[in-house]
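See below for the structure under consideration.
Quick note: the coordinates plus some simple rules give every number you see, no bench work behind them. On a predicted model such as this, the values are computed, not experimentally measured, just so you know. As a convention, Cβ positions derive from the backbone with ideal geometry for all residues, glycine included, and neighbour counts pool all protein chains shown.
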Amino acid sequence: MNVYELDRIEHLRDWLALSHQVYQAVENDLGNCNWQPIEHGEVVKFKPNVRPLVSPKSLFFSEQENMFVFDGEKFRETLPEHGPRVIFGVSACDLTAISYQDKHFRKDPYYQARRQQTLLVGIDCTKPCDGGFCRSVDAGPHVKDEIADLILTPMPSIGGENTGWWLICSSDAGRAAVSGMDLRRADSSWSSWREMNRRHTEAEFKSDVHIINGIQRINARAVPDELWERLAHQCISCSGCSQLCPTCSCYATRDVAEDTNMVRQRVWDSCLMVGFQKEASGANPAAEAGRRMYRYWYHKFSEDYVAQMGRYGCVGCGRCESTCPGSVGVHSIMEKISNA
Amino acid sequence: MIKTTPSVCPYCGTGCGIGLRSDGDKVIGVEPISSHPISKGRLCSKGWSAAFATGHENRVTSPMIREGEGFRKASWDEALTLIHEKFSYHRDHHGPETVGMISCARATNEDNYAIQKFARTVLKTNNIDHCARICHSPSVAGLQQTLGSGAMTNSIADVGKADVIVVFGCDPTESHSIIGSDIMKAKEAGALLMVVDPRRTRLAEIADVHLQLRLGTNVALLNGLVNIILERGWEDKAFVAERVDDLDVMRKAIAEYTPERVEEITGVPVDQQIQFARLYSHARAAFLAYGMGVTQYVSGTNNVMSISNLALICGHVGKQGAGINPLRGQNNVQGACDMGCLPCQYPGYQQANDPAVRDKFAKAWGTTVGQIPGMTSLGMNEAMLDDAFHALMIFGEDPVLTDPDQNQVTKALKKLDCLVVVEMVMTETAQLADVVLPAACFAEKNGTFASCERRVQRVRKAVNPPGECKSDWQTIAMMAEKFGAKGFGWANSEEVFNEIVSVTPIYSHMSYPRLDESRGLQWPCNTHHPDGSPVLHERSFPIGKARLIPVHNLPTAEQPDVEYPYYLTTIRLHFHYGCGSMTRKSPLLERESPKGLLFMNPRDANNQKLFNHAPVGVRSRRGYIETRVVVTDQVPPGLLSIPYHFFDTPSNQLTNDAQDPVTRMPELKACAVRVEPLARDAEPKSIHTLRALHEAELAE
């Protein structure tokens, strides 16, 4: 594996921006962090250890997109078109989610059209984020080699000052992207430093007993229907958890008239909404809010899906907790289940 | 290229932060804002679907002029010339009292300010109103008498500082979900939750106390509670002595409301009344929120004053975690009131009947202003029916759908010589217009909204408006030019805002940069409170001492009888907003609409041999619609509820336009109806089909 030393992260970003459209999480004046495009030469400081409220999911699986156009005679597929892109500075949880989505959407031309054009630059987290529990579901805090093209990991700091970064080229595409850049080879000590760093970070995570307990109970079907129904009473079907969840992938379709054509669109959906499974007759297998809530968490934590997808559906980012108006996001729900 | 623009959610009055994700000129999605002081990273289903509301489908993108039954495209110049001709003719020949404007509680402060300025300086009329008339005009009128100010006394964050929370006649998890969320969180953290509502709402289910009173008996219950508190000496004696007038009058006037008598009227058992009175009066800080279940009655203003009485004697005003808090329905209904889009008030609640105020504005605006007292929106409707009103301009409202007694409204609007509607889409009202002008939506303009906690926040442009759509203040500026009026030549929304600040004392220390810096400022924001006012009335009331004003219980205008045996009340659903013109563009929200819209208790359904989703006709003395029933114990026997968002099943075919004598608020919350079962396999007909059938019958 090629590993290099890097003084400033921004040098790498600027290099990549020469040939790619680069997206990076940028904090604005209001203290919000979003994925924003950054041009070559633009002076925007890179902040490590930020996890935007919105994952990069929508950069692959768009919240609203056209699928095909029917002009009265022919159907024409409408694939997204753009040049090469870089998503820069993605943390382990979001990268894990992208690799999960890669499996789910492996035959989806819209997703793949964007994904094939995208280089992923991951970054190791050095402290747990607010509400994050990636360690408990094997999704962080460090980036696994196979889920990013390039990985940034910090060199040991001196007196709290960052002294630079190691740049790990974990794929051929990653190696190709930095070839030509003036980089020093790292000496072999990098891997033991990285390993030590990981252990330090992992030790800082808060207790995850409720998560482990909750996963056990869900898999043992040890949560009674009445409890789901009672908890679901606080779910107002806002759809926020599905919108922010980096692995939620459900969509609905609709046909929209545009001039003389009909356009089929797909839009993000949420299985917590009562209409999600409503049939044309009005019959609904998941009419009870409790059933829908159980289904959501079963999808995120069941061993049945591990067999199919290779891991839990949850990557431990904790975004559902921060956006849930009803206090039934992941931490609240797992605590309530484990205390039941 | 995808970018995110921070703005404010266009739906209810909570004022949540929303990031608009746009790709070119299309808003493709939204994201919540974690650092926002109110929403803190949360949104409701409407907020999450806000991108669809901005969609270009069905948008009106150029001026349109009526031609026979339909419309044809026209240039701005042609449309404005026609408007100028009609409005100036009626103003000059029939008097300024025969023309008027309805502004828009969804538009920005800048838009609303420009609209009322145009009405007062160009049309020379005070006929300017907006939909606050049918939501919180009784709050403004009632609280102005008792406290001296009609807005929410405290802030949304105070929910988390209260030890008792009272939710009175509102359903915040559905209609103000993020406030509902704060209430659920506060309850989980240990606060006591008490709900007063004839329906078993989501919050009522988890509440510690639920007073399920009979429809329209608010005043009796509140008087009873005050009586219990005074009888037992549970009032806040120090607060009452120092800051409240007229306790003795109050004590005498309500002595007749004994717990037993109140139980008889309201159906709330005596021990529940005492329990509620004890908890509320003994609380350290009790946050009381109320909504349309208080205001939309013929006794709306009385209801508000009774609530104020209860809070005042317990001293739950003027401190953190407490307060009298009307939850405003629309993103900027607070702002439209602040901007003086009311017949009797200039910007900043300066009274229009005060000659000194009129002089001040005439001087500031450099022209004469309307002198004759203005009419409310329903007053204008009545004048239309009497052929005493000829030209009306409506911005972004759909009174045909949202005002009571739909058939009367349509009849009134059809009598106009000229109806101008400024809209995003062809609403039911726009279809009656002579001229339709294209409006930009919230994502297409800069400006400010004032949320229900009096917080003025910046709205930012994320995308360009489609076609020839414009912000209302720009439309007004073009119109003013056509009328030859001066003082409308603003270059951008910030210039409009600076003019607002210069004439509105409660906004006097605001500016765009200051709003940005502080994430919004709560008025009054002036020399005394340069950083805004999270809590009102901390030291004194605008009228000095607050007043206790005893009022008596009045029955609703219409009551169930043999012919119309049910009470019908109107409600809102979490997934929809107002007339549905924005939320119903979202495929997910539209899918969430229930198949049936008439909520009925299982016992009533059983008595009428109705099953869930059975097709029915609903008839009142004023109209008839068809829909399906939803059998639910959310409503008690004898009470039906119906959401008002659906143009094909308009609840306002049925509602009563009997009005509150003070504010002319119609009694949307109570009328009498009967339910006529249809054949088991019948498909309920939309109002349009019913109308066509009716007309065909007449023709024969």
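So the values come out like this:
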quantity	calculated
Cα→Cβ-extended label distance, 7 Å offset, between B:Ser511 and B:Leu554, nm	4.9
Of A:Asp71, A:Asp130, A:Asp145, the one that fluctuates the most in a GNM where chain A has Cα springs shorter than 10 Å	A:Asp71
Segment B:21-31 - phi-based ³J(HN,Hα) in whole Hz, Karplus 6.51/-1.76/1.60, Gly and Pro as x	8, 10, 10, x, 9, 10, 7, 9, x, 9, 9
Relative contact order (%) - criterion: Cα under 8 Å, at least six apart; region: segment B:566-699	32
Peptide A:314-326 - average C-beta neighbours from other chains (10 Å radius)	4
Modelled FRET efficiency - R0 35 Å, B:Ala238 with A:Arg230, Cβ distances, 0.05 increments	0.25
Segment B:409-541, relative contact order in percent, only Cα pairs under 8 angstrom and at least six apart counted	17
At R0 = 45 Å, FRET efficiency that the Cβ-Cβ distance of B:Gln275 and A:Gln308 yields, to 0.05	0.25
Stretch gain in nm, segment A:Val44-A:Ile158, where the contour uses 0.36 nm per residue and the Cα spacing is subtracted	38.6 nm
Reduced Cα scattering model of segment A:140-270, Debye log10 I(q)/I(0), q = 0.10, 0.12 Å⁻¹	-0.70, -0.87
Paramagnetic label zone (point 7 Å from Cα along Cα-to-C-beta, A:Ala173; backbone N under 17 Å) in segment A:54-71	A:56-62
Backbone HN-Hα couplings from phi across segment A:60-70 [Karplus 6.51/-1.76/1.60, Hz, Gly and Pro as x]	10, 10, 6, 5, 8, 8, 7, 9, 7, 10, 10
Net charge dipole size for chain B [Lys, Arg +1 and Asp, Glu -1 on Cβ; Debye, nearest 20]	1280
HN-Hα J in Hz across segment B:418-429 - Karplus 6.51, -1.76, 1.60, θ = phi - 60°, x for Gly and Pro	9, 10, 10, 10, 9, 8, 7, 10, 6, 6, 4, 5
Alpha-carbon centroids, segment B:253-328 and segment A:114-152: separation in whole Å	54
Segment B:323-366: relative contact order in percent, alpha carbon pairs under 8 Å with at least 6 residues between	18
Distant-in-sequence amide H partners of B:Leu288 (H built 1.01 Å from N, under 5 Å)	B:Val166, B:Gly323, B:Asn325
Within segment B:152-327: Cβ-based charge dipole about Cα centre, in debye rounded to nearest 20 (Lys, Arg +1; Asp, Glu -1)	200
Local net charge near B:Phe575, Cβ-Cβ under 11 Å (Lys/Arg +1, Asp/Glu -1)	+1
Alpha-carbon radius of gyration plus Dmax, which is the widest Cα pair, for segment B:152-327 in Å	14.7, 41
For B:Met393, distant residues with modelled amide H under 5 Å away	B:Gly100, B:Met101, B:Ile102, B:Val420
Spherically averaged projected area in nm², based on the convex hull that wraps the Cα atoms of chain B	29.5
Total formal charge among the other residues, if their Cβ is under 13 angstrom from that of B:Arg547, Lys/Arg +1 and Asp/Glu -1	-1
Tensor-based shape of chain A (alpha-carbon gyration tensor, a/c under 1.5 rounded, otherwise prolate or oblate)	oblate
Proxy reagent accessibility, fewest Cβ within 10 Å first, across B:Thr570, B:Thr125	B:Thr570, B:Thr125
Kirkwood estimate for segment B:504-545, i.e. one over the average of 1/r between Cα atoms, Å	10.8
10 Å Cβ neighbours from other chains, averaged over peptide A:250-258	2
14 Å beta-carbon shell around B:Thr81, net charge (K/R +1, D/E -1)	-3
Antiparallel bridge percentage (DSSP; both residues within segment B:392-464; nearest 5)	35
FRET efficiency, A:Arg76 to A:Asn219 (Cβ-Cβ, R0 51 Å, nearest 0.05)	0.65
Distance histogram in 5 Å bins (all Cα pairs of segment A:202-289, percent per bin)	3, 10, 12, 16, 20, 15, 9, 6, 4, 3, 2, 1, 0
Inter-label distance, nm, simple model (7 Å from Cα along the C-beta direction), B:Asn607/B:Val249	4.3
Spherically averaged projected area of the protein assembly as shown from its Cα convex hull (nm²)	44.3
Under 5 Å, built H, 5+ apart or other chain: amide partners of A:Tyr251	A:Asp269
